[in-house]
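K.L.:
Would you mind keeping the following structure in view while I ask a few things?
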Amino acid sequence: MYRSHNCGELRTTHNNTEVTLAGWVQGVRDKGFMVYVDVRDRYGITQLYFDEDQTSKDLMEQAQRLGREFVIQVKGKVQERASKNPNIPTGDIEVLVSELTVLNSSIVPPFTIEDQTDGGDDLRMKYRYLDIRRNPVKGNLIFRHKVAQAVRNYLSNNGFIEVETPYLIKSTPEGARDFVVPSRMNEGQFYALPQSPQTFKQLLMVGGMDKYFQIVKCFRDEDLRADRQPEFTQIDCEMAFVEQEDILNTFEGLTRHLLKEINGVDVEKFPRLLYDDAMRLYGNDKPDIRFGMEFGELNAVAQHKDFNVFNSAELVVGIAVPGGNSYTRKDIDKLIDWVKRPQVGALGMVYCRCNDDGSYKSSVDKFYNQDDLAKWAEVTGAKAGDLICVLSGETSKVRAQLSALRMELAERLGLRNPDEFAPLWVMDFPLLEWDEETERYHAMHHPFTSPKPGQLELLDTKPCEVKANAYDLVLNGNEIGGGSIRIHDKATQAIMLKHLGFSDEEARAQFGFLMDAFEYGAPPHGGIAFGLDRLVAILGGQETIRDFIAFPKNNSGRDVMIDAPAPIDKEQLEELNLKLNLKS
Ligand code: ASP
């Protein structure tokens, strides 16, 4: 037996017990006649004690030669410490060592294995196996395990069956580029890695497996914005014989269970917001509703007053910043610079101070009198002491800009409390969206999402007005899940694909298998998928998913530890009948 106890469990109740511990050397403090060694494993740290009077010279020297991250095994007796350390659970005891075995030595690690390390991001990723020895990373992985366990328990207890679906498949359109894998046995042909198991889970419904889930890797080859990974994990779910309401209730139940089990938080019934309202009130389809600052649309009260910037705008919209009247002129100028940054893209910002005496002072006083400004305050809900920030321009752009400002100000005002959880459903998304680049309609969710009942005909006349049976679960300003009630008949699916610009042949070639399945008694069905990485990060009170993934990729999609992607041998290329045509 390598160890009788772990490095986190010994207490004074173990005094005088003979124990065997194994772990890594955290540090050695050599006082000459006494040597202290901290030994660490997954469970904690224990102090080992060697002293001249009770330890052989050999053993003393052995201890003195230990280096950081050596792997050791020790035998010894637990004793109460002379000076206790209240900061660690084992701080009352130490082990007086009688035998020491070096199981493996270590070269000096490239960064300190401490909670606060001196290692930068790149270095930590290159030596991720050392990083994982650190409490914060180790803790995150254990936390992730707990969340995944809680998900499995809940779904399993509710009759869901976990079924694995293949990774070597044909494209599943979820809006990103596919990663492809060449097939050696089928010359010139490629598999695509699933962007999600979407079509397979629908086929499982046709197969009668009426409650499915899977914790599954998905692959999307997209430009990696700040916090995305090319491979990520979904809690993928599907149910047959359900309506939207059944899905919402089931997965609200799952989310509530997780918040209770993991965070000890009880949440009321989740509010539901229509997509159109989310855009109008927050400029965003994943609003953070932990705080107010709802948008007030000012067209009716701010246009036709000789201020051309507003008169020519499609939308004039403002928010009230609580306590913002305390901002100095310089603070406000900085805010204006902030919204003008290319990442936000506003052309400027109009503001109005709401003074404590009930008067107003705006940056456009030339055009607006006190009564006008009082209306701005009314529409944005501004009170004395607040600052009203107003943007104007093209509706979709202005909403996105003001949403960015709202989030930034909330962050600065400390309104985004990570210990508070405000989930909501956003529903009735548009079915289609127009893509300027490709000049065609795209499915906003995916091509298998059904339109709202009775809206199919609208597809021919006003495609952008058709709403989908689609819903997102939003938590603290993040989309943590999304799904829809699916199309389950061939004719409707064919109409949908036609509107997405597929010819009959293309539709047949890409989705023939699904359309065929729909002819064999496909039940009504729908589902949802949660992004596990993000969910775990939010429940863990953090926002970067990388910290919760054991071996994440960097922003260029590289694994810097194993150095992938990498070229392959000439022979391997030949075997695959592939030739490279590199541009550089
Ligand atoms: N497959 C969808 C996604 O990955 C989720 C769903 O519709 O169930 O977003």
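K.L.:
So how do 533-542, 263-272 stack up, highest first, on mean other-Cβ count within 10 Å?
P.N.:
Final packing ranking: 533-542, 263-272.
K.L.:
Please compute P(r) over all alpha-carbon pairs of segment 427-516, binned at 10 Å starting from zero, and give each bin as a whole-number percent.
P.N.:
Going from the shortest bin to the longest, the percentages are 17, 47, 30, 6, 0.
K.L.:
Another question, if that's okay. Which GluC sites (Glu not before Pro) from segment 159-196 combine a DSSP loop assignment with at most 15 other Cβ atoms within 10 Å? Please report the intermediate quantities before stating the final value.
P.N.:
Numbers: sites: Glu162, Glu164, Glu174, Glu187; in loops: Glu164, Glu174, Glu187.
Qualifying residues, ordered by number: Glu164, Glu187.
K.L.:
Which value in Å is the Kirkwood Rh of segment 46-181 over different Cα pairs?
P.N.:
Values: mean 1/r = 0.0499 Å⁻¹.
It is 20.0 Å.
K.L.:
Mean projection of the alpha-carbon convex hull of the chain over all orientations, in nm²? Numbers along the way, then the final one.
P.N.:
Numbers: hull surface 147.2 nm².
Mean shadow area of the hull around the Cα atoms is 36.8 nm².
K.L.:
Relative to the compact globular guide of 2.2 N^0.38 Å, what is the alpha carbon radius of gyration of segment 223-378, as a ratio?
P.N.:
Values: Rg = 21.4 Å, N = 156, 2.2 N^0.38 = 15.0 Å.
Ratio of Rg to 2.2 N^0.38 Å for segment 223-378: 1.43.
K.L.:
Take Ser105, Ser584 and order them by how many other Cβ atoms sit within 10 Å, fewest up front.
P.N.:
Placing the least packed residue first, the sequence is Ser584, Ser105.
K.L.:
Would you mind pulling out the separation of the Cα centroids of segment 505-529 and segment 24-50, in Å?
P.N.:
Their Cα centres are 62 Å away from one another.
K.L.:
Right, here's the next one. Would you mind ranking Val390, Val242 so that the residue whose beta carbon has the fewest other beta carbons within 10 Å leads the list?
P.N.:
If I rank by nearby Cβ atoms, fewest first, I get Val242, Val390.
K.L.:
To continue, here is another question. What are the chymotrypsin sites (Phe, Trp or Tyr not before Pro) within segment 475-542 that DSSP puts in a loop, where the Cβ has at most 15 other Cβ atoms within 10 Å?
P.N.:
Tyr520
K.L.:
Over all pairs of distinct alpha carbons, what does the Kirkwood formula give as the hydrodynamic radius of segment 131-174, in Å?
P.N.:
Values: mean 1/r = 0.0749 Å⁻¹.
One over the average 1/r among Cα pairs gives 13.4 Å for segment 131-174.
K.L.:
Rounded to whole Hz and in sequence order, give me ³J(HN,Hα) for segment 452-460 from the Karplus expression 6.51 cos²θ - 1.76 cosθ + 1.60, θ = phi - 60°, writing x for Gly and Pro.
P.N.:
After applying 6.51 cos²θ - 1.76 cosθ + 1.60, I find 4, x, x, 9, 4, 5, 4, 4, 6 Hz.
K.L.:
Continuing with this model, one more query. What ranking do 190-201, 81-92 get when scored by the average of other Cβ atoms within 10 Å per residue, highest first?
P.N.:
Ranked by mean Cβ neighbours within 10 Å, highest first: 190-201, 81-92.
K.L.:
Amide H to amide H under 5 Å from Gly76: which residues, 5+ apart in sequence or cross-chain, H placed 1.01 Å off N in plane?
P.N.:
Residues meeting the criterion, in which the H sits 1.01 Å from N, are Val19, Ser98.
K.L.:
So which lysines can Lys490 reach, going by Cα to Cα under 28 Å and dropping same-chain residues fewer than 8 places off?
P.N.:
Here the lysines satisfying the reach criterion relative to Lys490 are Lys170, Lys201, Lys211, Lys452, Lys462, Lys467, Lys498.
K.L.:
What order do you get for 545-554, 108-117 when each peptide is scored by the mean count of other beta carbon atoms within 10 Å, highest first? Display every interim value, and only then the final one.
P.N.:
Numbers: 545-554: 18.2, 108-117: 13.4.
Going from most to least packed, we get 545-554, 108-117.
K.L.:
Rounded to the nearest Å, what's the spacing between the alpha carbon centres of segment 465-495 and segment 346-363? Just the number, please.
P.N.:
41
K.L.:
I need the phi-derived Karplus couplings for segment 492-500: 6.51 cos²θ - 1.76 cosθ + 1.60, θ = phi - 60°, integer Hz, Gly and Pro marked x.
P.N.:
Per-residue couplings from phi come out as 5, 4, 5, 4, 4, 5, 4, 5, 8 Hz.
K.L.:
For segment 463-584, build the convex hull from the C-alpha positions and give me its volume per residue in Å³.
P.N.:
About 241 Å³ per residue, rounded to a whole number.
K.L.:
Relative to a virtual label point 7 Å from the Cα of Tyr129 in the Cα→beta-carbon direction, which members of segment 533-571 show backbone nitrogen distances below 17 Å?
P.N.:
550-552, 559-564
K.L.:
Another one. Between His145 and Asp419, what length in nm is gained on full extension when 0.36 nm per residue of separation is reduced by their alpha carbon distance?
P.N.:
Extra length available between His145 and Asp419 comes to 96.6 nm.
K.L.:
Compute the separation of the alpha-carbon centres of segment 152-184 and segment 269-312 and state it in Å as a whole number.
P.N.:
Their Cα centres are 38 Å away from one another.
K.L.:
Could you give the Stokes-Einstein D for segment 147-291 in µm² per second, using the C-alpha Kirkwood radius, 10 °C, 1.306 mPa s? Write down the numbers at each step before the final one.
P.N.:
Numbers: Rh = 17.8 Å.
This corresponds to a translational diffusion coefficient of 89 µm²/s.
K.L.:
One-quarter of the Cα convex hull surface for segment 327-387, in nm²?
P.N.:
Averaged projected hull area, Cα only: 4.5 nm².
All of the numbers you see were taken from the coordinates with simple rules; none came from a lab. Small disclaimer: the values here were computed from a predicted structure and weren't measured. So basically every Cβ, Gly included, is an ideal-geometry build from the backbone, and we count neighbours across all protein chains shown.
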